[in-house]
Amino acid sequence: MTFGENLKKARKNKGFTQKDLAEIVGIKRSTIAGYESKDQEPAYKVLKKIAKALDCSIDTLLAVDYDNYKVSESNVTKEILHNDQLKLLFNEIREMSNDKIEFYRNLIKFIESEKNE
């Protein structure tokens, strides 16, 4: 899907008209219409505002497969938010470097493999 198709879907999912979204973002309704139907693309600052208004990530708006991307994004978010242990783990992990995350991931795999033997 194109950015315009994703934008239209996300906007409708949120229950916004083009005018509603334009007012929130601070641009003209015709600009939103151009994004949705004429393959026009916003500047990065506008894209950030659109994503914030639609309560989604920029990645979601740019995804090739919006429906699958949005579903997986919201499922992960729901799982983390509804599980106190995952929330604690997530908060600890997001402060770590990628090397440290990889180390702990491998450590968990090792421990799990040892338990199964």
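Check the straight Cα-Cα distances from Lys8 and name the aspartates and glutamates below 17 Å, setting aside those fewer than 8 residues away within the same chain.
Partners within reach: Asp20, Glu23, Glu36, Asp39, Glu41, Asp55, Asp59, Asp65, Asp67.
Suppose each label sits 7 Å from its Cα in the direction of the beta carbon; what would the Glu23-Asp59 distance come out to in nanometres?
Spacing of the two 7 Å Cα→Cβ label points: 3.3 nm.
Subtracting the Cα-Cα distance from 0.36 nm times the residue separation, let me have the gained length for Asp39 to Leu107 in nm, one decimal.
Between Asp39 and Leu107, full extension yields 19.8 nm more.
If a/c stays under 1.5 just call it rounded; otherwise compare a/b with b/c (prolate if a/b is bigger, oblate if not). Do that for segment 3-65, with a ≥ b ≥ c from the square roots of the Cα gyration tensor eigenvalues.
rounded
Taking the square root of 5 times each eigenvalue of the Cα gyration tensor, what semi-axes in Å does the equivalent ellipsoid of the chain have, largest first?
38, 14, 14
Quick check: pseudo-label points 7 Å beyond the Cα along Cα→Cβ at Asp84 and Asn98, how many nm apart are they?
Spacing of the two 7 Å Cα→Cβ label points: 3.4 nm.
Counting helices only, and only those DSSP H runs with n ≥ 4, report the 222 nm mean residue ellipticity of the chain as the sum of -39,500 (n - 2.57) divided by its residues, in deg cm²/dmol to the nearest 500.
So the helix-based figure for the chain works out to -23000 deg cm²/dmol.
All other residues with a Cβ under 12 Å from the Cβ of Arg11 taken together, and with Lys, Arg as +1 and Asp, Glu as -1, what is their net charge?
+2
Fewest to most neighbouring Cβ within 10 Å: what's the order for Arg94, Arg11?
Arg94, Arg11
In whole angstrom, note down how far apart the Cα centers of segment 74-117 and segment 2-60 are.
Rounded to whole Å, the Cα centres lie 34 Å apart.
Read-outs throughout are calculated quantities, based only on the coordinates presented, and are distinct from any laboratory measurement. It should be emphasised that the depicted structure is a prediction, and the values quoted were computed from it without experimental measurement. Positions of Cβ are backbone-derived with ideal geometry, glycine not excepted, and every protein chain shown enters the neighbour counts.
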